[in-house]
Amino acid sequence: MKEGRVLVTGAAGYIGSHTVVELVNAGYEVVGVDNFSNSSPDMLKGIERITGKRIPFMELDCSDRTQFAKVFEQYPDITASIHFAACKAVGESVRQPLKYFENNLSSLLHLIELSVEDSRRRGIVFSSSCTVYGEPDPENLPVREDAPVKPATSPYGRTKQMNEEILRDCVNAYPSLNVIALRYFNPIGAHPSALIGEMPLGVPQNLVPYITQTAAGIRKELKIFGNDYPTPDGTCIRDYIYVCDLAKAHVAAVAKVLEDGNNDRFDIFNLGTGTGLSVLELVNHFIKATGVNLPYSFGPRREGDIVKVWADPAKANKELGWKADTPVDDVLRSAWAWEKKVRGIE
Ligand code: NAD
Ligand code: WQD
């Protein structure tokens, strides 16, 4: 067992739940918190079935400082936190920016305040996003961490940029604090057990949940948003990363923020595969990997979509000793297995 305890905010969420599993597998004591605003307690049962362990957990809202403080009172041995808790729907953030500024800023401010109160709580691993790069200039592809951060295209994206800046300033001001911001590209897939996975509320906005719901017959067909982009097949290109690979990077990041003598006290890592796939390529991988019929057609472009972005993950490969290496067909099969499990399809 490792020294100290890792607090995971948003532990019942998509990436948080997979990360709790990997932390427990790696021998960390954890405590999870979540307010279930975008998740269900069932996810905690899934984690417990996978790990065979009871997971310490508190239902609370990180944007309420008094509530949030309770986890630190109850678990004084917390030495590092992974901060997933946030609102994440890009479209909703345009319609309700205040909800995003309120939750995503206040939750992080409270975590920092509560962390710097006690010098043992020295590490924060923060969920950032490739959205901070906006549409990268072609000469910056694949995107490295030092590529320019462009003005955000949504209030959600702006919260991630602001969160990173807040963390950078606080590291300068509070010597006990060590921070790693992880910029995720497009996380997809589910745990191989099919006991945890992505659970979007309502109509999915993201590609893979839309694909699996269409394959399950819940949606009539997948609309591919635009086939007239300046890419080889006309559809947009992204870097799709397996959620279990992503989760493992958090274990490496926790070890790094807890390292003695770590001089890069605010550090940023891209988490991606390094390979871009077009929407059409991903759809064809899904059909090939699962053998399932997937009705799709081309529709107009979606407003705000960027044409192409994929990561240069070399820094994370080298400094975190981590690599996303699960083949995309396996990843898509895991997403389909999860969808079938949720829908009770044989
Ligand atoms: P998710 O919505 O599944 O998980 C977030 C969890 O946080 C949910 O369980 C939600 O109930 C909880 N939560 C939200 N606000 C809270 C609060 N105030 N107090 C307590 N709990 C709260 O999302 P996810 O996909 O797992 O994303 C996790 C993090 O990664 C987010 O910060 C998100 O912005 C970031 N991220 C996600 C993606 C992606 O495509 N999924 C990409 C880049 C970055
Ligand atoms: C992927 C591709 C769509 C749905 C979003 C956030 C980003 C980050 C990751 C949090 C695009 C196309 C999609 C559909 C389609 N999240 N598509 N039909 O937009 O790359 O990134 O999630 O930080 O900030 O913006 O992901 O899954 O929505 O789309 O053709 O029904 O699939 O146009 O090219 P995106 P996505």
*Share of Cα-Cα pairs in the range 251-346 beyond 21 Å, in percent?*
55
_Hull volume in cubic angstrom per residue (convex hull over the Cα atoms of the chain)_ = 126
*What helices does the chain hold that run 18 Å or longer along their axis, going by alpha-carbon atoms, with a Kyte-Doolittle average of 1.0 or more, using DSSP H for the helix calls?*
243-257
_Size descriptor, Kirkwood hydrodynamic radius, that averages inverse alpha-carbon separations across the range 203-271, Å_ = 15.7
_Quick check: residue separation of V94 and N284 times 0.36 nm, minus the Cα distance between them. What number comes out in nm?_
65.2 nm
*Near-label residues of the range 158-200 by backbone N, under 17 Å of a point 7 Å along Cα→Cβ of S119*: 171-179
*Where does each of S39, S106, S127, S17 land when they are ranked from fewest to most other beta-carbon atoms within 10 angstrom?*
S106, S39, S127, S17
*Two-site label geometry, K223 and K318: point separation in nm, points 7 Å out along Cα→Cβ*: 4.4
*Which of the trypsin sites (Lys or Arg not before Pro) across the range 178-254 are loop residues per DSSP, with 14 or fewer other Cβ within 10 Å?*
K220
*Cα convex hull of the range 1-148: how many Å³ per residue?*
136
_If I histogram all Cα-Cα distances within the range 195-237 using bins 5 Å wide from 0, what percent of pairs lands in each bin?_
6, 20, 24, 19, 17, 10, 4, 1
_Label zone at R54 (point 7 Å along Cα-to-Cβ), backbone N below 15 Å, the range 1-45_ = 30-32, 45
*Over its Cα atoms, what ratio of radius of gyration to 2.2 N^0.38 Å does the range 30-116 give?*
1.17
*Percent of Cα-Cα distances greater than 20 Å, calculated over the range 113-180*: 39
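Rule-based calculations on the coordinates, nothing more; no lab input. Since we're looking at a predicted model, the values are computed, not measured. No Cβ is skipped: glycine too gets one built from the backbone with ideal geometry, and neighbour counts run over all protein chains shown.
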